Ligand SMILES: Cc1ncc(COP(=O)(O)O)c(C=O)c1O
């Protein structure tokens, strides 16, 4: 990844056009795989991205046909954090060609990256923080990104910048108003709604095109909290409409909500993890939505770069945290925690008096345990039970492998369970020094 500094002029909308010192917006750029020499890499299957989009659209269509809705909700895929680590530009252009209605990101920089990649569909910037200076707001508008708003200051700055940029034009900027119905992160709370609606009324440069909320517990066993949030969202919608606003796009659903209950679908849905082939939660019996056949998009691979035979009793790795209980064959992979392989994959704890090795990788189609502490660039695995392992053998850290001894797969969920986290973190942790190779079968 290289950083490409782009210079923009700072503009103070209150100063009738005077410009201040130059500020810089930094746009991240990923090193193309062709420049990558290392054997550790991620394969991203773009055909599976298209497949997963179609599966989600089919679920929405089925739910619409089964219920009172006139038409299925649109899909606006969430591609924040470099499309959950898969590479935002490639995933976005694939989704756009496959007919996605819109895309969502967290950051201004992420939205700009999509525009620079030639994406022309609506892009919602959900974070709502564009830096302390107005050049961020300008960049937002110049790139035709749709901001999410939730406080008065933000609304005033946006309106003033729009007034400055589009003076003399009858042009309105679409915004989505975010309501905090129980997530407690971003969004207007009901007691602040009067002030925010007042600021919007005083800003004819802005048009409230969308009304959104985010669900905190859509993947929980019980949907009680989700129902509570939905009730608050309906109530707030009435208040917003009563104040004269007519948002035509209401939205609340992440992947779990989309799959679990059509009540969350409204006009559009915002799936992230499901687009990348990971089920957000186990399906509960009796839930309306059918379970789609999602296909994992990312495989993470490496190779054996060294082999050694350790006698029983010899220790290895930082802190000598693992000691061979039998004569052992150890393979070294050129992938470590700086690549996204969590140190939690090796657990020094004892279970029933035995060393508990949590993490596993695939070699020759068989699982082998991670041994010793994962280091920054390297990881060791015990291949004693895999006959004939040699240097250059493929190692799969995430995804499936068909090898001479069988076939198996390591899911993002398994990796997450071994490292005490969630699959979202496993995917987004695959770092920028792991080159992405795209497959378009
Ligand atoms: C506001 C918002 N909407 C939608 C999503 C997508 O969530 P998921 O990846 O669970 O589908 C996220 C992700 O965290 C989010 O922050």
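Here, each number is a calculation from the coordinates, and none is a lab measurement. This structure is a prediction, so every number in the text was calculated from the model and none was measured. Here Cβ is always computed from backbone atoms with ideal geometry, including for glycine, and neighbour counts include all displayed protein chains.
Helix-only mean residue ellipticity at 222 nm, the chain, DSSP H runs n ≥ 4 weighted -39,500 (n - 2.57), per residue, nearest 500. What is it?
Here the helix-only value at 222 nm equals -8000 deg cm²/dmol.
Using only Cα atoms and rounding to the nearest 10 degrees, what angle (0 to 90) does helix 88-97 make with the longest principal axis of the chain?
The angle comes out near 60 degrees.
I'd like the antiparallel share, as a percent to the nearest 5, of DSSP beta bridges with both residues in the chain.
Counting DSSP beta bridges with both partners in the chain, the antiparallel share is about 60 percent.
Give the order of 238, 295 when sorted by the count of other beta carbons within 10 angstrom, beginning with the fewest.
Exposure proxy ranking, most exposed first: 238, 295.
Looking at segment 45-276 from every direction and averaging, what is the projected area of its Cα convex hull in nm²?
Taking the Cα atoms of segment 45-276, their convex hull projects to 12.6 nm² on average.
Using the number of other C-beta atoms within 10 angstrom as an exposure proxy, rank 382, 180 with the fewest first.
Ranked by crowding around the Cβ, least crowded first: 180, 382.
Normalised by the number of residues in the chain, what is the relative contact order in percent for Cα pairs under 8 Å and 6+ residues apart?
16
Counting other beta carbons within 10 Å of each Cβ, put 219, 82, 309 in order, fewest first.
Ordered by Cβ neighbours within 10 Å, fewest first: 309, 219, 82.
Compare the peptides 420-427, 264-271 by average per-residue count of other Cβ atoms within 10 angstrom and give them in order, highest first.
264-271, 420-427
Quick one: what Rg and Dmax do you get for segment 298-439 from the alpha carbons, in Å?
Here Rg and the maximum Cα pair distance are 14.3, 45 Å.
Compute from the Cα atoms of the chain the Rg and the Dmax, the latter being the longest Cα-Cα distance, and quote both in angstrom.
24.7, 81
Take the Cα radius of gyration of segment 69-125 and divide it by 2.2 N^0.38 Å, with N its residue count; two decimals is plenty.
My calculation over the Cα atoms of segment 69-125 gives 1.08.
Would you mind calculating the relative contact order of segment 45-276 from Cα pairs under 8 angstrom and at least 6 residues apart, reporting the percent as a whole number?
Worked out over segment 45-276, it gives 19 percent.
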